[in-house]
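Step one of this worksheet: look at the structure below.
The values are calculated or read from the model by the stated rules, or taken from the named source; none is laboratory data. Predicted, not measured: the structure shown is a model, and the values here were computed from it. FYI the Cβ positions are ideal-geometry reconstructions off the backbone, even for glycines, and counts take in every protein chain you see. When the accessible area is computed, the model is the full protein with side chains, heavy atoms only, and any ligands, DNA or RNA have been set aside. Shrake-Rupley method; radii C 1.70, N 1.55, O 1.52, S 1.80 Å.
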Amino acid sequence: VQLQASGGGLVQSGGSLRLSCTISGRTTSSHSVGWFRQAPGKEREFVGTAWRNSGNTFYADSVKGRFTITRDRAGNMVYLQMDSLKSDDAAVYYCAAGPMILSEIRNARSYIYWGQGTLVTVSS
């Protein structure tokens, strides 16, 4: 399984950006696909995840109400729509996938497949 994140770039504070995660190879219905981010000098943090093929999504409190994750029916594309962007959202964003129980979706170690990351820069 391979993942590739794309869509990063420079956006003004308050603006929007949509990231894409292209998934190749075979994932099962038990795989969740999540987004993480890492800003310079900070630890990688959970952003949100699409839980298995349930249609359910879960988000970090810091992005709830501003970010939306969608997954296409075939399961080959996962999107992260980011609205009302703030300077604190600037980071390298990664998509990741793996099988896990619901209580572990915020733990990066639960994801066994990772994309290479895409940079999001927010200007004030």
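Mind running the shape call on the stretch 1-46? Use the C-alpha gyration tensor, a ≥ b ≥ c as the square roots of the eigenvalues: rounded below 1.5 for a/c, prolate if a/b tops b/c, oblate otherwise.
prolate
For VAL47, which sequence-distant residues (separation of 5 or more, or a different chain) have an amide H within less than 5 Å of its own amide H, given hydrogens modelled in the peptide plane?
Close amide H contacts, sequence-distant or interchain: TRP35, PHE36, ARG37.
Springs between alpha-carbon atoms under 10 Å, Gaussian network over the chain: tell me which of GLY14, GLY75, GLY48 tops the mean-square fluctuations.
GLY14
With a 1.4 Å probe and all protein chains left in place, how much of the accessible area of the stretch 1-113 comes from carbon and sulfur atoms, in whole percent?
Roughly 45 percent of what the probe reaches on the stretch 1-113 is carbon or sulfur.
If I build a Gaussian network model for the chain, linking alpha-carbon pairs within less than 10 angstrom, which residue out of LEU19, LEU80, LEU102 has the largest mean-square fluctuation?
Of LEU19, LEU80, LEU102, the Gaussian network model singles out LEU102 as fluctuating most.
For the stretch 45-124 and the stretch 5-37, write down the distance between their C-alpha centroids in whole Å.
Taking the Cα centre of each part, the stretch 45-124 and the stretch 5-37 sit 6 Å apart.
Hey, got the dipole for the chain? About the Cα centre, +1 on K and R Cβ, -1 on D and E Cβ, debye to the nearest 20?
Dipole about the Cα centre, nearest 20: 220 debye.
Taking only Cα atoms and a 10 Å spring cutoff, compute GNM fluctuations for the chain and point out the largest among SER54, SER32, SER13.
Sorting by GNM fluctuation, first place goes to SER54.
Between ARG73 and GLN38, what is the FRET efficiency for a Förster distance of 30 Å, r being their Cβ-Cβ separation, to the nearest 0.05? Don't skip to the end; give the middle numbers.
Details: r = 30 Å, r/R0 = 1.00.
Efficiency at R0 = 30 Å is approximately 0.50.
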